[in-house]
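Trainee: I have a structure I would like to understand better, so I am pasting it below and will then ask my questions one at a time.
The values are calculated or read from the model by the stated rules, or taken from the named source; none is laboratory data. The model shown is predicted, which means the values in this text are computed figures rather than measured ones. Cβ: placed from backbone, ideal geometry, glycine included. Neighbour counts: every protein chain shown. SASA here: full protein model, heavy atoms, side chains in, ligands and nucleic acids out. Shrake-Rupley method; radii C 1.70, N 1.55, O 1.52, S 1.80 Å.
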Amino acid sequence: MIEPTLQWLADLEAIKRLKYKYIRCVDSKHYEGIAECFIQDATATYEGGKHSLAGRDAILDFLRRSLPAVVTAHHVHHPEIEIAGAATAKATWALEDYVIDLKSNYSLHGAAFYEDEYVKIYGQWKIKHTGFKRIYWERWNRTELKSLQLMENMHAPPRK
């Protein structure tokens, strides 16, 4: 059994904070913040490999193209983090997400498991790989719910 040390605990917390930052930046569409989370040659596989991306720039390009017409709320929790050495780690995260597609007026709700890899470079943990596989997702047409209204959207101009 590994004895918890202050460095080990600090590394666990740093990895958690990195993942939380990534999720916050995705939902707020803060692309510079997302870029700070990844190493240059990072990889990503979203939707169980439907979208496989190589390189930080490819990941950012995909997110920039995917996110403009949607409002997202991602929640990650229950991290299972394994620190494999002084500079490598892996983690499994539970994901629950809610997406409103403003263009097609559909919403989806789902759950998945992220499988991530991390590296520590110059004392900072970064994402080497991220990807998730769905447990389920469900989708519905928002126009069929007559009383449903999107009251606030941080990405839209203020309502008058």
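Trainee: Filter region 59-92 for residues that are of a type outside the set (V, I, T), open to solvent by less than 40 Å² (accessible area, probe 1.4 Å) and in contact with a helix residue (DSSP H, G or I) (Cβ under 9 Å, 6 or more places away or on another chain); which is nearest to A112 (Cα to Cα)?
Mentor: H74
Trainee: Right, here's the next one. Within the bounds of region 15-23, is there any residue that is touching a Ser or Thr at 6+ places or on another chain (Cβ under 9 Å), in a helix (DSSP H, G or I) and under 16 Å from E115 (Cα atoms)?
Mentor: Yes, region 15-23 contains at least one residue that is touching a Ser or Thr at 6+ places or on another chain (Cβ under 9 Å), in a helix (DSSP H, G or I) and under 16 Å from E115 (Cα atoms).
Trainee: Would you point out the residue of region 93-103, among those that are out of contact with any Lys or Arg (no Cβ under 8 Å at 6 or more places or on another chain) and either under 20 Å from P157 (Cα atoms) or among the β-branched types (V, I, T) (or both), that is most open to solvent (accessible area, probe 1.4 Å)?
Mentor: Looking at the filtered set, the residue picked out is K103.
Trainee: Do any residues in region 37-52 that are in contact (Cβ under 8 Å) with a residue 24 or more places away in the chain and farther than 17 Å from S66 by Cβ have Cβ atoms under 7 Å from those of residues that are of a type in the set (A, V, I, L, M, F, W, C) and open to solvent by 60 Å² or more (accessible area, probe 1.4 Å), where the two are at least six apart or on different chains, and which pairs are they?
Mentor: If the second residue must be of a type in the set (A, V, I, L, M, F, W, C) and open to solvent by 60 Å² or more (accessible area, probe 1.4 Å), the pairs left are I39/I121.
Trainee: Taking the conditions exactly as written (over 14 Å from T130 (Cβ atoms) and either part of a strand (DSSP E or B) or modelled with pLDDT of 95 or more (or both)), does D27 satisfy them or not?
Mentor: yes
Trainee: Moving on. Would you pick out the residues in region 69-101 that are under 14 Å from D27 (Cβ atoms) and without any contact (Cβ under 8 Å) to a residue 24 or more places away in the chain?
Mentor: The one that is under 14 Å from D27 (Cβ atoms) and without any contact (Cβ under 8 Å) to a residue 24 or more places away in the chain: E96.
Trainee: Report every pair of residues separated by at least 6 positions or lying on different chains whose Cβ atoms are under 7 Å apart, first residue within region 10-36 and touching a residue at least 24 places away in the same chain (Cβ under 8 Å), second assigned to a helix (DSSP H, G or I) and open to solvent by 20 Å² or more (accessible area, probe 1.4 Å).
Mentor: Matching pairs, first to second residue: Y31/R64; A35/R56.
Trainee: Among (1) touching a strand residue (DSSP E or B) at 6+ places or on another chain (Cβ under 7 Å); (2) of a type in the set (F, W, Y); (3) under 24 Å from W8 (Cα atoms), where does Y122 come up short?
Mentor: (1)
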